[in-house]
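See below for the structure under consideration.
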Amino acid sequence: MKKIIIFILFSFLCFPVLAGKDKIEAFVSGMGCPDCYSKVEGKINEFPQVKSAKINPDDGLCTIQLKEGKSLSSEAITKAVERAGFKVTSFKKD
């Protein structure tokens, strides 16, 4: 039981919900072609909270526009990118 509580607390500290923002920006590594960008954008666009996701091929910055009043956790974004076969290296802070 103690391990479960520690895991839950760790999760909240490491993967905060990115609430109150209409835009989230994450740097994604490992992409090298338009198909790669499309895979990542597609996985992120599967979330009902997401209005749009767009990758900048020059620096790997993924800009995620959220629907009004919606939020999305950094953990969810990271898992979606990993399902596409790539890695989130960091989230851009405002």
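Assorted remarks:
- For the range 50-67, the candidate set comprises residues that are without any contact (Cβ under 8 Å) to a residue 24 or more places away in the chain and assigned to a loop (DSSP other than H, G, I, E, B); within that set, the residue that is most open to solvent (accessible area, probe 1.4 Å) is 58.
- Exactly one residue among 70, 43 is surrounded by 12 or more Cβ atoms within 10 Å (Cβ to Cβ), on the phi < 0 side of the Ramachandran plot and in a loop (DSSP other than H, G, I, E, B), and that residue is 70.
- When residue 76 is tested against (1) out of contact with any strand residue (DSSP E or B) (no Cβ under 7 Å at 6 or more places or on another chain); (2) in contact (Cβ under 8 Å) with a residue 40 or more places away in the chain; (3) open to solvent by less than 80 Å² (accessible area, probe 1.4 Å), only condition (2) is not met.
The values are calculated or read from the model by the stated rules, or taken from the named source; none is laboratory data. The structure presented is a predicted model; accordingly, all values stated were derived computationally and were not measured. Backbone-built Cβ (ideal geometry, glycine too); neighbour counts: all protein chains shown. To get the accessible areas, we keep the full protein, side chains included, count just its heavy atoms, and leave off ligands, DNA and RNA. Shrake-Rupley method; radii C 1.70, N 1.55, O 1.52, S 1.80 Å.
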